[in-house]
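Working notes for the structure below.
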Amino acid sequence: KQEVTQIPAALSVPEGENLVLNCSFTDSAIYNLQWFRQDPGKGLTSLLLIQSSQREQTSGRLNASLDKSSGRSTLYIAASQPGDSATYLCAVRPRPRQLTFGSGTQLTVLP
Amino acid sequence: EAGVAQSPRYKIIEKRQSVAFWCNPISGHATLYWYQQILGQGPKLLIQFQNNGVVDDSQLPKDRFSAERLKGVDSTLKIQPAKLEDSAVYLCASSVGQLNTEAFFGQGTRLTVV
């Protein structure tokens, strides 16, 4: 059974810092990995999708990497801003159906 | 492009009552998912449809939960009777297909059972 772990559960940083969020998964046989952002009381916003054959994806200040063999992904946020404060979730697609989610990292960027 | 639409946004009911949620996926998306997200946890899949057929309902509590997608577009999720532990956010998502495609989520319905 695929399990997804995100560490740390919560993170607080001052504005302007570069930061890394971690995601690990137990079964490397995945089709893709997706990073989401969730604001309080809101749904999930897709940030980046990495296919199993890819090593990384970039969108603006966000860069996500994937190391399938070690079961790890990182989300790098450059020059963090207070507007980046949210919960960040990673999810893997272990077979051609459901996404399996981690519990998320709650990020607070202090002005 | 319109996103995934869900209604209602909030619902409060008493235990043992019934409730229904509605979802309209992105146009052209064949795959539709319902997830349950309990506070502080990641979303957990309840059911997945491919067009109007169920492809995965292994984690759906079938004694009280039901879902349908009759015409392969809109979907409804029903709980009858509700329990206190059903208090959660119910998220609907859709994607073009089942494999290497991006999933898009709606705003969710926050259910409180009292």
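The values are calculated or read from the model by the stated rules, or taken from the named source; none is laboratory data. All of these numbers come straight from a predicted model, not from anything done at the bench. Note that we place each Cβ from the backbone using ideal geometry, even for glycine, and neighbour counts take in every protein chain shown. With ligands, DNA and RNA removed, areas are computed over all heavy atoms of the protein, side chains included. Shrake-Rupley method; radii C 1.70, N 1.55, O 1.52, S 1.80 Å.
Structure data summary
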item	result
Any hit, the range B:19-39, residues being open to solvent by 10 Å² or more (accessible area, probe 1.4 Å), at the interface with chain A (Cβ under 9 Å from one of its Cβ atoms) and out of contact with any Leu (no Cβ under 7 Å at 6 or more places or on another chain)	no
The range A:68-100, subset under 9 Å from the mean Cα position of the chain (by Cα) and surrounded by fewer than 21 Cβ atoms within 10 Å (Cβ to Cβ), residue nearest to B:Gln59 (Cα to Cα)	A:Thr74
Single match in B:Val55, B:Val19 (criterion: modelled with pLDDT of 95 or more and of a type in the set (A, V, I, L, M, F, W, C))	B:Val19
So B:Lys15, is it open to solvent by 80 Å² or more (accessible area, probe 1.4 Å) and out of contact with any helix residue (DSSP H, G or I) (no Cβ under 9 Å at 6 or more places or on another chain)	no
For B:Gly42: the one exception among (1) free of Cβ contacts under 8 Å to residues at least 24 places away in the same chain; (2) more than 13 Å from every other protein chain (Cβ to nearest Cβ)	(2)
Every residue from the range A:71-111 that is away from chain B (no Cβ under 14 Å) and without any contact (Cβ under 8 Å) to a residue 40 or more places away in the chain	A:Gly83, A:Asp84, A:Ser85
Of the criteria (1) in a strand (DSSP E or B); (2) of a type in the set (D, E, K, R); (3) closer than 28 Å to A:Ile7 by Cβ, which one B:Glu85 fails	(1)
From the options B:Gln6, B:Gln36, residue that is among the polar types (S, T, N, Q), under 23 Å from B:Thr112 (Cα atoms) and in contact with a Cys (Cβ under 6 Å, 6 or more places away or on another chain)	B:Gln6
Search result, residues across the range B:1-18 that are of a type in the set (S, T, N, Q) and more than 13 Å from every other protein chain (Cβ to nearest Cβ)	B:Gln17, B:Ser18
Residues satisfying the stated conditions in the range A:19-46, i.e. under 19 Å from A:Pro8 (Cβ atoms), open to solvent by less than 40 Å² (accessible area, probe 1.4 Å), out of contact with any Leu (no Cβ under 6 Å at 6 or more places or on another chain) and within 14 Å of another protein chain (Cβ to nearest Cβ)	A:Cys23, A:Phe25
Search result, residues across the range B:40-53 that are within 13 Å of the chain's Cα centre (by Cα) and open to solvent by 20 Å² or more (accessible area, probe 1.4 Å)	B:Lys44
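Every residue, every condition in (1) in contact (Cβ under 8 Å) with a residue 12 or more places away in the chain; (2) more than 9 Å from chain A (Cβ to nearest Cβ); (3) buried (at least 20 other Cβ atoms within 10 Å of the Cβ); (4) closer than 27 Å to A:Asn32 by Cα, yes or no:
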position: B:Asp57; (1), (2), (3), (4): no, yes, no, yes
position: B:Pro61; (1), (2), (3), (4): no, yes, no, no
position: B:Ser66; (1), (2), (3), (4): yes, yes, no, no
position: B:Leu70; (1), (2), (3), (4): yes, yes, no, no
position: B:Pro81; (1), (2), (3), (4): yes, yes, no, no
position: B:Ser87; (1), (2), (3), (4): yes, yes, no, no
position: B:Ala93; (1), (2), (3), (4): yes, no, yes, yes
position: B:Gly97; (1), (2), (3), (4): yes, no, no, yes
position: B:Gly106; (1), (2), (3), (4): yes, no, yes, yes
